[in-house]
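Input: a single structure, listed below in structure tokens.
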Amino acid sequence: MPVFHYKARNARGESIEADIEAASADVVAGQLFNTGVTPITIIEQRHWST
């Protein structure tokens, strides 16, 4: 499952930044909204192998 890095604000306006594993960015946004957090950016993390 992909990992997404997000930046968001909680109900008090405080910035939050973290990584979360989810099926899609839409799923991440839904999870954040359900916990009272407003997403600002959600970016899928790319893992490059050599």
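May I ask you to verify whether Arg46 is more than 10 Å from the chain's Cα centre (by Cα) and surrounded by 14 or more Cβ atoms within 10 Å (Cβ to Cβ)?
Considered against the rule, which asks whether it is more than 10 Å from the chain's Cα centre (by Cα) and surrounded by 14 or more Cβ atoms within 10 Å (Cβ to Cβ), Arg46 comes out as no.
Residue check: Asp26 meets all listed conditions (1) surrounded by 13 or more Cβ atoms within 10 Å (Cβ to Cβ); (2) part of a helix (DSSP H, G or I) but one, namely (1). For beta carbons closer than 7 Å, sequence separation of 6+ or different chains, a first residue in the range 1-28 that is free of Cβ contacts under 8 Å to residues at least 12 places away in the same chain and a second that is not small (Gly, Ala, Ser), the qualifying pairs are Ser15/Lys7; Ser15/Arg9.
Read the figures in this text as sums done on the coordinates, not as results from a lab. All values derive from a computational prediction rather than experimental measurement. All Cβ positions, even for glycine, are placed from backbone atoms using ideal geometry, and neighbour counts span all protein chains on display.
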